[in-house]
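The values are calculated or read from the model by the stated rules, or taken from the named source; none is laboratory data. Small disclaimer: the values here were computed from a predicted structure and weren't measured. For neighbour counting, all protein chains shown are included, and Cβ atoms are generated from backbone atoms with ideal geometry for every residue, glycine included.
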Amino acid sequence: MASPAFEDIVADFEFLEEWEDRYRHVIELGRAMGPLDDALKVPATKVDGCASQVWLHPVIESGRLHFDGDSDAMIVRGLIAVLRGLYGGLTPEEVLAVDPRAEFGRLGLNDHLSAQRSNGLRAMVDRVQGFAQTAAR
């Protein structure tokens, strides 16, 4: 069960037939995010396993996951925005119930990201799921 924001992203992707347009849309999603405060760009928030510099800062507010993030690569920043769409506002238990591979498959991301980007996306998913798992205890 993905969040309503992710369903909006899926609908946008269905409208955009060309992959170049979809990549541009992902980049625009990243540009629309506010910047991550530099004070939060610390080793504890850095995501290992990404070719780019990536930071995720997840928090639980009122029992729901929210997170900010940033990257030095525009496409990766956009992927962070997609992750926020997928998981933002869900409870930790709901986050753990989401099948990210299936959801990204709905966008076609599984087939259109380079191996490095796929590995980085998987590392970001692992970070969010690990945080949700800890919060669910």
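Would you confirm whether any residue within the stretch 64-84 is farther than 22 Å from Glu28 by Cβ and among the polar types (S, T, N, Q)? Working first, answer last.
Filtering the stretch 64-84 for residues farther than 22 Å from Glu28 by Cβ gives 64-65.
This time we only want the ones that are among the polar types (S, T, N, Q), so: none.
Scanning the stretch 64-84 turns up no residue that is farther than 22 Å from Glu28 by Cβ and among the polar types (S, T, N, Q).
If we keep just the residues of the stretch 9-32 that are among the acidic types (Asp, Glu) and not in a helix (DSSP H, G or I), which is modelled with the highest pLDDT?
Glu18
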*Which condition does Val26 not pass, out of (1) within 13 Å of Met124 (Cβ to Cβ); (2) within 11 Å of the chain's Cα centre (by Cα), if it passes all the others?*
(1)
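Considering only the stretch 56-72, I want to know if a residue exists there that is without any contact (Cβ under 8 Å) to a residue 12 or more places away in the chain and in a helix (DSSP H, G or I).
Checked the stretch 56-72: no residue is without any contact (Cβ under 8 Å) to a residue 12 or more places away in the chain and in a helix (DSSP H, G or I).
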_Meets criteria (assigned to a loop (DSSP other than H, G, I, E, B) and more than 18 Å from Val128 (Cα to Cα)) for Gly49_ = no
*Assess whether Ile80 counts as being within 21 Å of Ala11 (Cβ to Cβ) and in contact with a Ser or Thr (Cβ under 7 Å, 6 or more places away or on another chain).*
yes
*Considering (1) over 19 Å from Gln133 (Cα atoms); (2) β-branched (Val, Ile, Thr); (3) assigned to a strand (DSSP E or B), say which one Ile75 fails and leave the rest.*
(3)
*asked:* Looking only at helices (runs of 4 or more DSSP H) that lie completely in the stretch 85-137, which have at least 3 residues being surrounded by 15 or more Cβ atoms within 10 Å (Cβ to Cβ)?
replied: 92-97, 100-107, 115-136
*Here are Pro43, Pro35: which of them is modelled with pLDDT of 95 or more, surrounded by fewer than 20 Cβ atoms within 10 Å (Cβ to Cβ) and assigned to a loop (DSSP other than H, G, I, E, B)?*
Pro43
